[in-house]
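Peer 1: Got a structure for you, questions after.
The values are calculated or read from the model by the stated rules, or taken from the named source; none is laboratory data. All of these numbers come straight from a predicted model, not from anything done at the bench. Positions of Cβ are backbone-derived with ideal geometry, glycine not excepted, and every protein chain shown enters the neighbour counts.
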Amino acid sequence: MKRKIISILVVILTFTVLFCLTACTQEEETPEYIEGAFYSLQEAYDNGWITEENLQSIADLYHNKQTAPEIDISEAVSYSIRKTFADECKAPVEEVSYRYYGEYNGCFAVRLSKKDMVVDGSMFVETIGNVSITYTDGGRIKIWKISED
């Protein structure tokens, strides 16, 4: 009887050690962080980073409640966009998400939110050049651009 108990304990201990080793080696690796900053659509347009045609594409996607395919966006850029916003909001990066409206000349059009973010429900029309975007919940589309340091 004593041998049977010891055998069972050895099996349980072995599985516990194997489980712990497996769990420890499967930690997700944090993607590379790329330094970048957010700008308003107006700032990006005024600086020549995006064109009126780019603005129209962003507006069309937004108004049709669509997002651009994220095929061209790397994991490092995606992580960096969320981390930049998380740092600004002093929130964990895991609580940040975004809607993607495309890459234009190295600038990424995104609309960010974080878990438990309160929206005010106000309506606002932003007109840049000949393009208007009507926001209905207080959030705005921003441009994230890699820093040129």
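Peer 1: Just to be sure, is GLY139 out of contact with any Lys or Arg (no Cβ under 9 Å at 6 or more places or on another chain) and assigned to a loop (DSSP other than H, G, I, E, B)?
Peer 2: no
Peer 1: Considering only segment 113-131, state which residues are outside any loop (DSSP other than H, G, I, E, B) and either in contact with a His (Cβ under 7 Å, 6 or more places away or on another chain) or without any contact (Cβ under 8 Å) to a residue 60 or more places away in the chain (or both).
Peer 2: Passing the criteria: SER113, LYS114, PHE124, VAL125, THR127.
Peer 1: If you don't mind, there's one more thing I want to ask. Among the residues of segment 77-98, which ones are in a loop (DSSP other than H, G, I, E, B) and within 24 Å of PHE124 (Cβ to Cβ)?
Peer 2: Selection gives ALA91 alone.
Peer 1: Name the residue, out of LYS65, LYS83, that is of a type in the set (D, E, K, R) and within 20 Å of ASP137 (Cβ to Cβ).
Peer 2: LYS65
Peer 1: So, of the residues in segment 126-149 that are at pLDDT 85 or above and over 22 Å from TRP49 (Cβ atoms), which turns out to be surrounded by the fewest Cβ atoms within 10 Å (Cβ to Cβ)?
Peer 2: THR136
Peer 1: Looking only at segment 83-98, which residues are under 16 Å from ASP116 (Cα atoms), crowded, with 17+ Cβ neighbours inside 10 Å and in contact (Cβ under 8 Å) with a residue 24 or more places away in the chain?
Peer 2: PHE85, ALA86
Peer 1: Considering only segment 100-125, how many residues are loosely packed, with under 13 Cβ neighbours inside 10 Å and among the hydrophobic types (A, V, I, L, M, F, W, C)?
Peer 2: 4
Peer 1: Moving on to the next point. Of THR136, THR127, which residue is within 15 Å of SER40 (Cβ to Cβ) and out of contact with any helix residue (DSSP H, G or I) (no Cβ under 8 Å at 6 or more places or on another chain)?
Peer 2: Result: THR127 is the single residue among THR136, THR127 that is within 15 Å of SER40 (Cβ to Cβ) and out of contact with any helix residue (DSSP H, G or I) (no Cβ under 8 Å at 6 or more places or on another chain).
Peer 1: Then there is this: Restricting to segment 33-76, what's the tally of residues that are surrounded by 19 or more Cβ atoms within 10 Å (Cβ to Cβ), assigned to a helix (DSSP H, G or I) and among the β-branched types (Val, Ile, Thr)?
Peer 2: Residues that pass the stated criteria total 1.
Peer 1: Still on this structure, I have one more. What are the residues in segment 120-147 that are under 16 Å from TYR62 (Cβ atoms) and β-branched (Val, Ile, Thr), if any?
Peer 2: VAL125, THR127, ILE128, VAL131, ILE133, THR134, THR136, ILE141, ILE143 - these are the residues of segment 120-147 that are under 16 Å from TYR62 (Cβ atoms) and β-branched (Val, Ile, Thr).
Peer 1: All but one of (1) part of a helix (DSSP H, G or I); (2) touching a residue at least 40 places away in the same chain (Cβ under 8 Å) hold for TYR101; state the number of the condition that does not hold.
Peer 2: Answer for TYR101: the failing condition is (1).
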